[in-house]
Amino acid sequence: MNGRLRLQAEAKQSVFIATTNTDFSDKAMQRLAATCPGGEVMGIQARHSTDHGFFVYENRLRLTGYCVTATPPEPGGHTLNGFAE
């Protein structure tokens, strides 16, 4: 494998008081994998943060990794982003 492209994906979860649902982390991983068709995502790093409010908070997960393919990436080292809206 000789091609490598840096990837990023993010997912958010808004919460009122409390939750046990962690689907937002699955969404972040699916978005990261979707930016690497025909390759393998490797070297994944995760950054989790929480913004607190009064009875409300937001969890945010940002994943970065590399898409490794059999062909080299285009010159310029482009980055693909899979950010949530």
Counted residues, the range 26-42 - those being surrounded by fewer than 17 Cβ atoms within 10 Å (Cβ to Cβ) and either among the β-branched types (Val, Ile, Thr) or on the phi > 0 side of the Ramachandran plot (or both)
1
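So, in the range 1-55, of the ones that are assigned to a loop (DSSP other than H, G, I, E, B) and of a type in the set (Gly, Ala, Ser), which residue ends up nearest to TYR66 (Cα to Cα)?
GLY39
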Checking ALA18, ALA11 in turn, the sole residue that is of a type outside the set (Val, Ile, Thr) and surrounded by 12 or more Cβ atoms within 10 Å (Cβ to Cβ) turns out to be ALA11
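Computed from the coordinates by the stated procedures, all read-outs in this text should not be read as laboratory data. Remember, predicted model here, so these are calculated numbers, not experimental data. Cβ sites come from the backbone with ideal geometry, for glycine too, and all protein chains shown count toward neighbours.
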